[in-house]
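Just so you know, all these numbers are worked out from the coordinates, no wet-lab data involved. All of these numbers come straight from a predicted model, not from anything done at the bench. Cβ sites come from the backbone with ideal geometry, for glycine too, and all protein chains shown count toward neighbours.
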Amino acid sequence: MAFGCGIGNSMIDKKRQDVYKKRLLGKQEELRGMVSRTELDGRSADDDPTQDPADKAASSYNKEFLFSQSNSDRSTLADVQDALDRMNEGTYGECVLCGEEMSPKRLEAVPWARHCIPCQEKQEEGLV
Ligand SMILES: [Zn+2]
């Protein structure tokens, strides 16, 4: 009898989840460092009254770059934190849209993925 023996359970096994958790925590640390560093850089560029206009333009260009960079870091950081939350809730590895289990390959590539590949594609096309 196959019932009750635990084989065929589709949830991600604990061991694999621990591996993802370590990667998520590492990524979280890395992103936190980057986000706070770009915030510091952005601020110090503002506080320099001796800058001539050319420098100022360069620094505001640079700031814009840092800002968009830190925005994408920030949104990845939020995804990483969400993934850790889902881990605590026991729903890690499920697509947040359709509830289907994501493929191990997908999680291997992007452990903080929120959507399965079909849903991700639909979202990119603006269908959901
Ligand atoms: Zn999905």
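In a GNM of the chain with a 10 Å cut-off on Cα contacts, which of 69, 17, 81 has the highest mean-square fluctuation?
69
Arrange 34, 102 by Cβ neighbour counts within 10 Å, fewest through most, would you? List each step's numbers first, then the result.
Numbers: 34 16, 102 21.
Exposure proxy ranking, most exposed first: 34, 102.
Can you give me the long-range amide H partners of residue 101? Hydrogens built in the peptide plane at 1.01 Å from N, cutoff under 5 Å, separation of 5 or more residues or another chain.
Amide H neighbours of residue 101, under 5 Å, 5+ apart: 95.
Which three numbers, in whole Å and largest first, are the semi-axes of the equivalent ellipsoid of the chain derived from its Cα gyration tensor as √(5λ)?
Working: eigenvalues 345, 56, 16 Å².
One finds semi-axes of 42, 17, 9 Å for the chain.
Just from its helices, what would the mean residue ellipticity at 222 nm be for the chain, if runs of 4 or more DSSP H residues each count -39500 (n - 2.57) and the sum is divided by every residue, rounded to the nearest 500 deg cm²/dmol?
Numbers: 4 runs with 84 residues, N = 128.
Mean residue ellipticity at 222 nm (helix-derived): -22500 deg cm²/dmol.
Select from 86, 74, 37 the residue whose mean-square fluctuation is largest in a Gaussian network model of the chain (Cα-Cα springs shorter than 10 Å).
Looking only at 86, 74, 37, the biggest GNM fluctuation is shown by 37.
Distance cut-off 25 Å, Cα to Cα: go down the list 15/105; 63/122; 22/63 and report the pairs above it. Don't skip to the answer; put the middle values down first.
Numbers: 15/105 16 Å; 63/122 33 Å; 22/63 32 Å.
Beyond 25 Å between Cα atoms: 63/122; 22/63.
For a quick check, take a GNM of the chain with Cα springs below 10 Å and name the residue from 18, 55, 41 with the largest mean-square fluctuation.
55
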